[in-house]
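Following: one structure in structure tokens, then a few remarks.
The values are calculated or read from the model by the stated rules, or taken from the named source; none is laboratory data. Computed from a predicted structure; not experimentally measured. With ideal geometry, Cβ positions are generated from the backbone for all residues, glycine too; neighbour counts draw on all protein chains shown. The accessibility values were calculated without ligands, DNA or RNA, using every heavy atom of the protein model including side chains. Shrake-Rupley method; radii C 1.70, N 1.55, O 1.52, S 1.80 Å.
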Amino acid sequence: MQLLWIGIGCRRGTSKELIESAIAEVLDQYGLSENQIAGIATVDRKSTEAGLLEYCEAHQFPLLFFSVEELAAINVPNPSVDRIGTPSVAEAAAILASGSDRLIVPKQVIGGRVTIAIA
């Protein structure tokens, strides 16, 4: 079974429920299972984001945080507007957490609030 690391970016105040439904939507779209998830990764600025913390706690997923500098050092296929000092959170976090340079799912923006990539 392939273990997946989900890189996630989200707007401040995004609910656990929205994160949960966004991840479920992407997994379903790509024929992947929640049982394959090894953990979640994001930028360290999200370390107090309640919805993300609640989601990981509810599903017992480890949550890894990376600095802006660590994320900025990763080449990603779909860089975005550099809002926080890195052109990627979701794709770069997924790549760093997985130890692979291959994304299974490139970044997907769900509902304008959650960005997900899977490695």
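Miscellaneous remarks
- On a per residue basis, the chain carries 50 Å² of accessible surface, using protein heavy atoms and a 1.4 Å probe.
- Fraction of antiparallel bridges per DSSP, the chain only, in percent to nearest 5: 55 percent
- Comparing VAL43, VAL89, VAL68 in a Gaussian network model of the chain, where Cα atoms under 10 Å apart are tied by springs, the biggest mean-square fluctuation is seen for VAL68.
- Cα gyration tensor of the chain - equivalent ellipsoid semi-axes, whole Å, descending: 18, 16, 13
- Taking each DSSP H run with n ≥ 4 as -39500 (n - 2.57) and averaging over every residue of the chain yields -9000 deg cm²/dmol at 222 nm.
- Sorting 30-37, 14-21 by their mean Cβ neighbour count within 10 Å, with the most densely packed peptide first, gives 14-21, 30-37.
- Over the chain, Cα pairs under 8 Å with separation of 6+ residues give a relative contact order of 35 percent.
- Carbon and sulfur %, accessible surface of the stretch 8-91 computed with the full protein complex present, 1.4 Å: 48 percent
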